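The values are calculated or read from the model by the stated rules, or taken from the named source; none is laboratory data. Since this is a predicted model, take the numbers as computed values, not measurements. Ideal geometry is used to build each Cβ from the backbone, glycine not excepted, and the neighbour counts take in all protein chains shown. The protein model used for the area step is the full one, side chains on, heavy atoms only, and it has no ligands, DNA or RNA in it. Shrake-Rupley method; radii C 1.70, N 1.55, O 1.52, S 1.80 Å.
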Amino acid sequence: MLYRTTPAHVDAVLSRLPNARGRAKLERVLKGEVPVTLSKLESGFLKLLREEGLPVPNTNCAAGAHRVDCRWPEHRLTVELDSYRFHNSRYSWAKDRLREREARADGDEFRRYAWSDVFEDPSYMLEELRELLR
């Protein structure tokens, strides 16, 4: 995070501006109700889901104490999309494992997919998601 702004910071500002223009949409974004992508991998994943007629998840949304890339609450499924660019440090590796433990503790199935799963050979990933999202 370039400026280290968190959703809690945004919530604090919004609470002081009850009639701010765009407030409702920003709150929906923060809750993960509006699909927001933060990388080409996430955008490609959502595009592939739409092309395959699969349900689109809530994206970059709060799940437990952390935010996850994709979550289908009605299917109890969480997916993290791991690119080397954003998951190449000890810190991010540890945070990834924590998000996975939290999702599983909350009763979610949990899957990790990489660049190659989305852009090179999505067949296994799509087969798995079709089964999980039935």
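For M125, the conditions (1) open to solvent by 20 Å² or more (accessible area, probe 1.4 Å); (2) touching a Phe, Trp or Tyr at 6+ places or on another chain (Cβ under 7 Å) all hold with the exception of (1).
Among the residues that make up region 31-41, is at least one of them surrounded by fewer than 16 Cβ atoms within 10 Å (Cβ to Cβ), modelled with pLDDT of 95 or more and closer than 21 Å to Y124 by Cβ? The answer is no, given that none of the residues of region 31-41 is surrounded by fewer than 16 Cβ atoms within 10 Å (Cβ to Cβ), modelled with pLDDT of 95 or more and closer than 21 Å to Y124 by Cβ. Check region 68-75 and report whether any residue there is of a type outside the set (D, E), surrounded by fewer than 17 Cβ atoms within 10 Å (Cβ to Cβ) and touching a residue at least 12 places away in the same chain (Cβ under 8 Å). Yes, that holds for at least one residue.
Could you please find all residues in region 5-24 being over 24 Å from the mean Cα position of the chain (by Cα) and part of a helix (DSSP H, G or I)? S15, R16 - these are the residues of region 5-24 that are over 24 Å from the mean Cα position of the chain (by Cα) and part of a helix (DSSP H, G or I). On inspection, E27 does not qualify as assigned to a helix (DSSP H, G or I), open to solvent by less than 60 Å² (accessible area, probe 1.4 Å), of a type outside the set (V, I, T) and farther than 27 Å from A8 by Cα. For region 1-24, filtered to residues that are over 18 Å from A63 (Cα atoms), modelled with pLDDT of 75 or more and charged (D, E, K, R), the residue that is least open to solvent (accessible area, probe 1.4 Å) is R23. Entry remark, region 44-63: residues being of a type outside the set (D, E, K, R), more than 23 Å from G107 (Cα to Cα) and open to solvent by 50 Å² or more (accessible area, probe 1.4 Å) number 1 in total. Scan region 71-128 for residues that are at pLDDT below 90, within 24 Å of L48 (Cβ to Cβ) and among the basic types (K, R) and the total you get is 2.
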